[in-house]
Amino acid sequence: MVYDFVVLNFAPLTGLLFLFIFLLCNGEVEKRRQYLFYIILALELLEMIFYSAEFKTEAFAHPTVWRTLFSALCYSIRPMLLIGLLCLSLRKELSKQKFILLSIPAVINILASFSAFFTGIVYSYNAKNELVRGPLGYTMHVIVFFYLIMMLICSIRSWGKGVGLENLIILSGFVVVVIAIVLEAVFSVRSLGRSAIVLSTIAYYLYFQTQTYNEQLRAYMENTISTQQEHLREMNVISVLANEYVTVCYVDVKKDIVTPYRITPVLEERYGEVLRSGVSFEQVFKAYINHDIYEEDRSFFMNVSKLPDMISYLKENGNLSRKYRVLREGTMIYCEMRVELVPNEDGTEDLVFGFSNNDSRVRREMVYQSTVKQEIDKVEEARKSLSGIAELAGQLKDEIEEKLSGLQ
């Protein structure tokens, strides 16, 4: 029995064995798709077993219940195989309601297949154990052909979506299975349909495996490009802000995400976790304005706290460089903020923020400016004194000239 089974189904069995090994060893196939392939593989194996058993009972001199049972099981399984292939082809487009509608002909096929136990309207076996087709004798073949037409329609519908290889596989499977069914129904050539469906399943699996490899390669290339862009972005940050600023942040305008590249311990303690949580630029910037920037200096920064307003200001003025005060632990600290637009390869622009503590330099400048102002005030006072003396001298001159003119 086993020997006859292997000899009768050697080619499809070999194909199923290789398919099972591929599925078992390949952990990168999508789970839902992998389960579908396992179901199809199991149905194909069951169909082979039932067909071989039915082929064995065919040699009996008289009809038996077993032959009718195995025939009914074989006829019932074939449409299920095509439903499995349709599920693979449609994938996300197949909803639960559509699946139920798609299964109705298969249910009718099961009823027609098992009707041989009660009536000969579809098929039966005569006293010599020969197949006799009834008025609806080709019902099972028509239903199988219906599912093949459905696969053909799906292939034609998706032809313009850039999946030509998948369509060619479906069309090839359609042609081969139709030829096998015609040969089996008209000329009684056995087992060709089984081999055709197994080979179509293997071809479909190889297609999906190729697609998986292409997706992995595409993902790898995108990741590589993204990494290169990140490096370029870092280089742009360094070239824009050099080493002048102790805190540097990058703002991805498209994603509205702030990424810290370098940050002081104080700001890390206050905003590090917030920055890495993925909050928007406006939330982070307003939090910094309200908690750190001195109240009298906030109005300007609030006007550019939204990304569109900040970008508009930068495009109008080239960059933003602003000094402001921070009140920490009762001490006023002078700081500076600088913002630049950084171009990307795709033509978009992102933002780079630089923050520096200029307290000592600003205080030196303030002392210097105060000293200069004092000197200027002294000079002004001296000039005013000299101006007063000159005016007094002018008045004395006028009086002397008047007295001299009176003596004359």
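The values are calculated or read from the model by the stated rules, or taken from the named source; none is laboratory data. Computed from a predicted model, the values in this text were never measured in an experiment. No Cβ is skipped: glycine too gets one built from the backbone with ideal geometry, and neighbour counts run over all protein chains shown. When the accessible area is computed, the model is the full protein with side chains, heavy atoms only, and any ligands, DNA or RNA have been set aside. Shrake-Rupley method; radii C 1.70, N 1.55, O 1.52, S 1.80 Å.
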Worksheet item: Of all residues in the range 99-131, how many are open to solvent by less than 60 Å² (accessible area, probe 1.4 Å) and in contact with a strand residue (DSSP E or B) (Cβ under 7 Å, 6 or more places away or on another chain)?
Response: 6
Worksheet entry | Residue list for the range 241-290, filter: of a type in the set (A, V, I, L, M) and either over 16 Å from residue 352 (Cβ atoms) or in a helix (DSSP H, G or I) (or both) | 241, 266, 267, 274, 275, 279, 284, 287, 289
Worksheet item: Counting just the residues of the range 291-309 that are outside any helix (DSSP H, G or I) and closer than 18 Å to residue 256 by Cα, which one comes out farthest from the chain's Cα centre (by Cα)?
Response: 304
Item to complete: For residue 389, indicate whether it is modelled with pLDDT under 70 and not charged (D, E, K, R).
Response: yes
Worksheet, complete the sentence: Among residues of the range 56-77 being part of a helix (DSSP H, G or I) and more than 25 Å from residue 108 (Cα to Cα), the residue least open to solvent (accessible area, probe 1.4 Å) is 57
Discussion item. With the requirement that a residue be small (Gly, Ala, Ser) and not in a helix (DSSP H, G or I), what does the range 94-134 give you?
Written reply: 95, 120, 124, 127, 134
Fill in: Residue that is modelled with the lowest pLDDT, among those in the range 28-55 that are among the hydrophobic types (A, V, I, L, M, F, W, C) and open to solvent by 70 Å² or more (accessible area, probe 1.4 Å)
55
Discussion item. Scan the range 236-251 and tell me whether some residue there is of a type outside the set (Val, Ile, Thr), touching a Ser or Thr at 6+ places or on another chain (Cβ under 6 Å), open to solvent by less than 50 Å² (accessible area, probe 1.4 Å) and at pLDDT below 80.
Written reply: yes
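Matching residues to (1) aromatic (Phe, Trp, Tyr); (2) touching a residue at least 60 places away in the same chain (Cβ under 8 Å); (3) within 30 Å of residue 364 (Cα to Cα); (4) surrounded by 16 or more Cβ atoms within 10 Å (Cβ to Cβ):
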residue: 305; (1), (2), (3), (4): no, no, no, yes
residue: 312; (1), (2), (3), (4): no, no, no, no
residue: 317; (1), (2), (3), (4): no, no, yes, no
residue: 330; (1), (2), (3), (4): no, no, yes, no
residue: 335; (1), (2), (3), (4): no, no, yes, yes
residue: 338; (1), (2), (3), (4): no, yes, yes, yes
residue: 342; (1), (2), (3), (4): no, yes, no, yes
Discussion item. Of all residues being assigned to a strand (DSSP E or B) and at pLDDT 85 or above in the range 311-331, which is nearest to residue 266 (Cα to Cα)? Just the residue, please.
Written reply: 326
